[in-house]
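The values are calculated or read from the model by the stated rules, or taken from the named source; none is laboratory data. Please read all numbers here as calculations on a predicted model, not as lab measurements. So basically every Cβ, Gly included, is an ideal-geometry build from the backbone, and we count neighbours across all protein chains shown. Remember, those area values only see protein heavy atoms, side chains included, never the ligands or the DNA or RNA. Shrake-Rupley method; radii C 1.70, N 1.55, O 1.52, S 1.80 Å.
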Amino acid sequence: MAQIDTLTLEDALRFSGPASFNLLIKPAGSRCNLLCRYCYYLDKLELYGGREPVMDEEDLERLIRTYLRDCATPDVTFNWHGGEPLLLGPGFFRKAVELQRRYADGKRVHNTLQTNGTLLTPEWADFFAREGFLLGVSVDGPSCVHDRYRKDRKGVSTLEKTLKGLTLLHEAGAEYNLLATVNRASEGRGKEVYRFLRSLGTPFIQFSPVVELIRKGPGGERIAAPGSSDAVRAPWSVSDTGFGRFLCDVFDDWVLSDVGTVFVNYFDATLACLCGVRPGICSFAETCGGNAAVEHNGDVYSCDHFVYPEFLLGNLYRQPLADMMQSPAQMAFGLKKREGLPKACRSCEWFGRCHGGCPKHRLYGAGNVLCEGYRLYFRHTAPYMEKMKELLEAGQAPSGIMPWARLRVRDARNGR
């Protein structure tokens, strides 16, 4: 186990108290109907002999029974990820809901599902609405951004199909969020992307930076693990300042007119950190380790972004899930986010807002490669975040910042 220099009270409570964790479940493994160039999961089939197996009904029942038994919280959320989980068909998820009801034993069960949206049908939309699924639909922006890297296996653009899927969800009354990666094609288009996403019928938008290493070999390019010394940064990765400027441009639109009506993950998390509240995105949390990935066969990995042999915790059909999530290996993985930070990161004035960011983005074993972008974003938004904190402390809604922000912008334009 990695050396742990500091164990806080919160750490001790987390690892010694009742088991509380989330699972990102991959019932279709890496199987997908698209061939997004920046996808970090398509290569995972190599872990299973180059095949694309899926979870069968027997393993589905074992998963649901085990998760509900071992997660010691009154609310348990099943996060269905991929690949593309819709490839399993509606029958698979009807069975999943039936089994959840059978094994809930008084616990409240919730379901989220991440999809590219291209396979949605009226049947799917009605099912998700009826069963209360929350969908995360991947949309990177208008066609010039979305279709740059998100194409199907024939090289055809996918935005039109995804938008049709969103229409079906909206008409059925199903809940959905938008998941947008920020990649090389997104740079310089923050306002354009934000305004497009804002028009798609949901107030919830989640941005995620694309930063990957690739290794070239006889079989072509392959995603490499963070810290790989023989790999190079993928050309589709967003640059550090490009990511920071993207967030700043989105924020400038949002803070003038959308606070309280549109919810952007990075803005919510930044304000939460400033107010001393645990952020809603794990990349800004002090430590990791509470979100594991489960493959089609029950293999459990430390994190969705670290599905590599060295991060395999075990198999939930052979070992208690709670034991794996509270194991020395998972503890070390979670605490390494904090303990592995360079001194420059710890002394940064913005450290309390990002806590070093996602460990996946420490590509070369040092600091976060998006550091300068984060500095740019935190510096730009600081006056507004401080003002929203003041409003909250005074018992007022953060949306009260908008008149103040408009006045500030007007004065800046007039040179005051």
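Out of the stretch 180-196, which residues are open to solvent by 30 Å² or more (accessible area, probe 1.4 Å) and outside any loop (DSSP other than H, G, I, E, B)?
Arg184, Lys191, Glu192, Arg195, Phe196, listed by residue number.
For Gln319, indicate whether it is polar (S, T, N, Q) and part of a helix (DSSP H, G or I).
Taking the combined requirement at face value, the residue does not satisfy it.
Which members of the stretch 96-142 meet the condition of being more than 28 Å from Ser186 (Cβ to Cβ), surrounded by 13 or more Cβ atoms within 10 Å (Cβ to Cβ) and touching an Asp or Glu at 6+ places or on another chain (Cβ under 6 Å)?
Passing the criteria: Val97, Leu99.
Does Lys164 satisfy the criteria of being touching a residue at least 24 places away in the same chain (Cβ under 8 Å), part of a helix (DSSP H, G or I) and touching a helix residue (DSSP H, G or I) at 6+ places or on another chain (Cβ under 6 Å)?
The answer is no for Lys164.
Write out, first by first residue and then by second, each pair whose Cβ atoms fall under 8 Å of each other, whose residues are 6+ apart or on separate chains, and whose first residue, in the stretch 368-383, is under 16 Å from Ser347 (Cα atoms) while the second is of a type in the set (Gly, Ala, Ser) and open to solvent by less than 10 Å² (accessible area, probe 1.4 Å).
Hits for this filter: Asn368/Gly356; Asn368/Gly357; Cys371/Gly357; Glu372/Gly244; Tyr374/Gly244; Tyr374/Gly357; Arg375/Gly244.
Restricting to the stretch 86-102, name every residue that is among the aromatic types (Phe, Trp, Tyr) and free of Cβ contacts under 8 Å to residues at least 60 places away in the same chain.
Within the stretch 86-102, Phe93 is the sole residue that qualifies.
Taking the options Thr261, Thr270, name whichever one is crowded, with 19+ Cβ neighbours inside 10 Å and of a type in the set (Ser, Thr, Tyr).
Thr270
Is it the case that His110 is of a type outside the set (D, E, K, R), under 23 Å from the mean Cα position of the chain (by Cα) and assigned to a helix (DSSP H, G or I)?
No: the conditions fail for His110.
Applying the selection to the stretch 277-286, what residues are part of a loop (DSSP other than H, G, I, E, B) and open to solvent by less than 10 Å² (accessible area, probe 1.4 Å)? Break it down into steps so the answer makes sense when it comes.
Going through the stretch 277-286, the residues part of a loop (DSSP other than H, G, I, E, B) turn out to be 277-281, 285-286.
Listed by number, the list holds a single entry, Ala285.
Is the stretch 46-68 home to any residue that is within 30 Å of Ser199 (Cα to Cα), open to solvent by less than 30 Å² (accessible area, probe 1.4 Å) and assigned to a helix (DSSP H, G or I)?
So the first thing to find is which residues in the stretch 46-68 are within 30 Å of Ser199 (Cα to Cα), and the list is none.
Scanning the stretch 46-68 turns up no residue that is within 30 Å of Ser199 (Cα to Cα), open to solvent by less than 30 Å² (accessible area, probe 1.4 Å) and assigned to a helix (DSSP H, G or I).
Assuming Leu256 fulfils every condition listed in (1) touching a residue at least 12 places away in the same chain (Cβ under 8 Å); (2) out of contact with any Leu (no Cβ under 6 Å at 6 or more places or on another chain); (3) outside any strand (DSSP E or B); (4) under 30 Å from Tyr67 (Cα atoms) apart from one, which condition is it?
Here Leu256 clears every test but (4).
I'd like the residue in the stretch 228-258 that is charged (D, E, K, R) and in contact with a helix residue (DSSP H, G or I) (Cβ under 9 Å, 6 or more places away or on another chain) and, out of all such residues, is most open to solvent (accessible area, probe 1.4 Å).
The qualifying residue most open to solvent (accessible area, probe 1.4 Å) is Arg245.
List every residue pair whose Cβ atoms sit under 9 Å apart, with the two residues 6 or more apart in sequence or on different chains, where the first one lies in the stretch 137-149 and is at positive phi and the second, anywhere, is at pLDDT below 95.
none
With the stretch 198-248 as the region, which strands (runs of 3 or more DSSP E) entirely inside it contain at least 1 residues that are of a type in the set (S, T, N, Q)?
Passing ranges, in order: 204-209.
Give the residue, chosen from Gly260, Gly276, Gly242, Gly298, that is closer than 27 Å to Leu23 by Cβ and not charged (D, E, K, R). Give the derivation first.
Working: Gly260 fails: closer than 27 Å to Leu23 by Cβ; Gly276 fails: closer than 27 Å to Leu23 by Cβ; Gly242 fails: closer than 27 Å to Leu23 by Cβ.
Result: Gly298 is the single residue among Gly260, Gly276, Gly242, Gly298 that is closer than 27 Å to Leu23 by Cβ and not charged (D, E, K, R).
Under 9 Å between Cβ atoms, at least 6 apart or on separate chains: pull out the pairs that start in the stretch 197-213 with a residue that is closer than 14 Å to His146 by Cβ and end on any residue that is modelled with pLDDT under 95 and open to solvent by 50 Å² or more (accessible area, probe 1.4 Å).
So the pair list comes out as Val210/Tyr40.
Please work out which residue is least open to solvent (accessible area, probe 1.4 Å), limiting yourself to the stretch 341-354 and to residues that are over 22 Å from the mean Cα position of the chain (by Cα) and under 29 Å from Leu313 (Cβ atoms).
So, considering only residues that are over 22 Å from the mean Cα position of the chain (by Cα) and under 29 Å from Leu313 (Cβ atoms), the one least open to solvent (accessible area, probe 1.4 Å) is Cys345.
Taking Tyr194 as meeting all but one of (1) hydroxyl-bearing (Ser, Thr, Tyr); (2) closer than 27 Å to Arg233 by Cα; (3) touching a Leu at 6+ places or on another chain (Cβ under 6 Å), write down the number of the exception.
(3)
From the set of residues in the stretch 1-45 that are in a helix (DSSP H, G or I) and surrounded by 15 or more Cβ atoms within 10 Å (Cβ to Cβ), which is modelled with the highest pLDDT?
Once the filter is applied, the top-ranked residue is Lys44.
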